[in-house]
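The values are calculated or read from the model by the stated rules, or taken from the named source; none is laboratory data. None of the values given here were measured: they were computed from a predicted structure. When we count neighbours, we look across all protein chains shown, and the Cβ atoms used for this are built from the backbone with ideal geometry, even at glycine. Ligands, DNA and RNA are excluded from the accessible area calculation, which covers all protein heavy atoms including side chains. Shrake-Rupley method; radii C 1.70, N 1.55, O 1.52, S 1.80 Å.
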Amino acid sequence: MTPNQPINISTNQLFNYTLHLADNNLILGHRNSEWTGHGPVLEQDIALSNIALDLVGQARNFYQYAAQLKNDGSTEDTFAYLRDANEFKNVLLVEQSNGDWGKTILRQFLFSVYQYYLYQQLEKCSDRTIASITEKALKEITYHIRWSSEWVIRLGDGTIESHARMNNALHELSEFTDELFIPASYEIEIARQGIMVDPVFINARWREKVEAILREATLPFLSEDNNKQSLSGKEGQHTENLIHILSEMQSLQRAYPGCEW
Amino acid sequence: MPLQNHEEIFQKKVDREVRIEPRDWMPDQYRKTLIRQISQHAHSEIVGMLPEGNWITRAPSLRRKATLIAKVQDEAGHGLYLYSAAETLGITRDEMIRQLHVGKAKYSSIFNYPTPSWADMGAIGWLVDGAAIMNQVPLCRASYGPYSRAMIRICKEESFHQRQGFEILLTLSTGSDAQRQMCQDAIDRWWWPSIMMFGPNDDSSPNTAQSMKWKIKRFTNDELRQRFVDICAEQVKILGMNLPDPELKWNQERGHFDFGPINWDEFWNVVNGNGPCNKERLEARVKAHEDGAWVREAAVAYANKRKTDPRQATAPSSSHFEAGQSLLK
Ligand SMILES: [Fe+2]
Ligand SMILES: [Fe+2]
């Protein structure tokens, strides 16, 4: 690529990146909200719904910014409801099925820690809208980490059964954590433009924090070479999970096109 | 003090609108009535999460999705306040939940109706939350302190729910033909069950007099129902929709809307467990509880370990976060 790239390419990469941030939040928020009304205890049902709400709220902020960047009449809902799975740029981790409460908690924890370190960088980035969205989100994410890590510890170091379940969850999800740190084409591009750092940069901190909590939870560490996943959610290659999520989420918008709701 | 004096003092306090607090003397029957009523109310909030929870994953816009999550979450909060209020009367939440799961405790029958369409989210907000508010506003002055305080918090949120519901219907009512039809259909299905939420007619409601003397109730079922009909009959005009009652008509003499006969057979049928979704609703609650058993057990086991684990003797048990926080810096 030449240094004098046309402005629309850089805007396009920023647009893709913004959608990527939005999609991560929407899909995880959606997954969490599947628990609403079905949690193991009322207080925790409320807590997880609250996190779902925070994530959907963050997603909306990013989608609204994406709509501004695109500037063709698109709205937050166009992005959420009228794109196909191969246009979604969320990481595979967030679309994984809820499984039991332990898997849901662990998925939240692994993602929240990633999000925390990422947003700490984005909060200082040169794009002012992204900086302000992430700054506000960090307050919420701090709580998400607190809540999810407390539960990871409690369940990891709880009963024999809960320990075994957390072990399983760890096994299932560790397949999807490497993707967080493998840059997609648009991440490389916006890193080159100095808007954002390469995600590899936060990998060590993420691992350090995750391992500290796993240690306290008496759970094994994630092995370094568990990347067996060849798909890239960031690039629009998804597991079947996302197809199911979207066919449910988008059903009304697809069945009644062009309506106000 | 002889029992009679206790009763006299109690009733005088109630008459003077002094709130009864958990440690005050109260008649056994008063306590029992409250436990039944408050726990039933709490269960209704929790079971009530299900028909609307159904639509969270299918809400047609991000704004609707967020509001619906928040609403259903509010209902969980209401359940929580009410279980806590009931616990002050000497029953545990576990016991109340057990009674719900074995079918001993009831919850509002309205939640045994299905929610096949998005418009149901609007109709539930407008009519079901609306009827709930009508019932609950007077309860903010209930003689039992913890109950009345719980109701004050709840009512604030309910009126918000009602407005949101109405707004969903209003949007549909100005939308496409299909949307307008969806809107009318939901109103048709929810109207009569909502009217039934006020309970049996006064002449077949034997406990009303005592509850009113104790100031748990302030108005009779029929009084509240009439007030609700009067309000909805006007509001439905804003929607340009109809209430499914050919006999609904303004009665100048009474200063109220007349309305048609209620199908009490249907009401009792649903109360007695034969509504369209009684089985699903209860099964969903029981399943959530059973699936969550290992989580609750682990939390207890972990808390016990923390108490006895000598490694923890030097560290406060709330230290995960601080430890986490320092790692995050
Ligand atoms: Fe409620
Ligand atoms: Fe409500």
inquiry  = Just to make sure I understand: if all protein chains stay in place, what is the order of B:MET182, B:MET1, B:MET212 by accessible area at 1.4 Å, largest first?
reply    = B:MET1, B:MET212, B:MET182
Stretchable slack from B:PHE160 to B:THR92, in nm (0.36 nm times residue separation minus alpha-carbon distance) = 21.5 nm
task = Take the alpha-carbon centre of region B:240-308, take the same for region B:1-53, and report the distance between them in whole Å.
result = 21
query = Among all helices in chain A defined by DSSP H, which have a length of 18 Å or more along the axis from Cα atoms plus a Kyte-Doolittle mean of at least 1.0?
reply = none
query = What helices does chain B have that are whole DSSP H segments, at least 24 Å long along their own axis by Cα, and with mean Kyte-Doolittle hydropathy of -0.5 or more?
reply = B:62-87, B:145-173, B:221-239
inquiry  = Students often forget the sequence filter, so: which lysines lie under 18 Å Cα-Cα from B:LYS215 once same-chain residues fewer than 8 apart are removed?
reply    = B:LYS12, B:LYS13, B:LYS32
remark   = Partner shielding of A:46-59, as the mean number of partner chain Cβ atoms within 10 Å, equals 4
note = Each label sits 7 Å from Cα toward the beta-carbon; between A:ALA212 and B:GLU21 the label points are separated, in nm, by 4.5
Exposure rule at most 13 other beta-carbon atoms within 10 Å, DSSP loop GluC sites (Glu not before Pro): chain B longest free segment = B:18-246
query = Simple spin-label model, 7 Å along Cα-to-Cβ: A:GLU87 to A:ASP72 in nm?
reply = 0.9
request  = Report the trypsin sites (Lys or Arg not before Pro) located in region B:1-40 that are in a DSSP loop and have at most 10 other Cβ atoms inside 10 Å of their Cβ, or state none.
outcome  = B:ARG16, B:ARG23
task = Would you tell me the mean number of C-beta atoms belonging to other protein chains that fall within 10 Å of each C-beta in B:63-74, as a whole number?
result = 6
query = Mind checking the mean number of beta-carbon atoms from other chains within 10 Å of the Cβ atoms in A:249-258?
reply = 4
request  = Starting from region B:1-60, pick out the chymotrypsin sites (Phe, Trp or Tyr not before Pro) whose DSSP state is loop and whose Cβ has at most 14 other Cβ atoms within 10 Å.
outcome  = B:TRP25
inquiry  = If you split all Cα-Cα distances of the protein assembly as shown into 10 Å bins from zero, what percentages do you get per bin, shortest first?
reply    = 3, 15, 23, 23, 18, 11, 5, 1, 0, 0
key: Under 13 Å from the Cα of B:LYS249 - aspartates and glutamates, other chains or at least 8 residues apart   = B:ASP230, B:GLU234, B:ASP258
task = Highest first, please rank the peptides A:102-115, B:141-154 by the mean number of other Cβ atoms sitting within 10 Å of their residues.
result = A:102-115, B:141-154
ask   = Using helices alone, what [θ] at 222 nm do you get for chain A, with -39,500 (n - 2.57) per DSSP H run of 4 or more residues, divided over all residues and rounded to the nearest 500?
value = -21500 deg cm²/dmol
Euclidean distance between Cα centres, region A:152-181 to region A:100-130, Å = 18
Qualifying trypsin sites (Lys or Arg not before Pro) in region B:192-300, DSSP loop, other Cβ atoms within 10 Å at most 12 = B:ARG254
ask   = Using modelled backbone amide H atoms (1.01 Å from N, in-plane), which distant-in-sequence or interchain residues come within less than 5 Å of B:TYR144's amide H?
value = B:ILE20
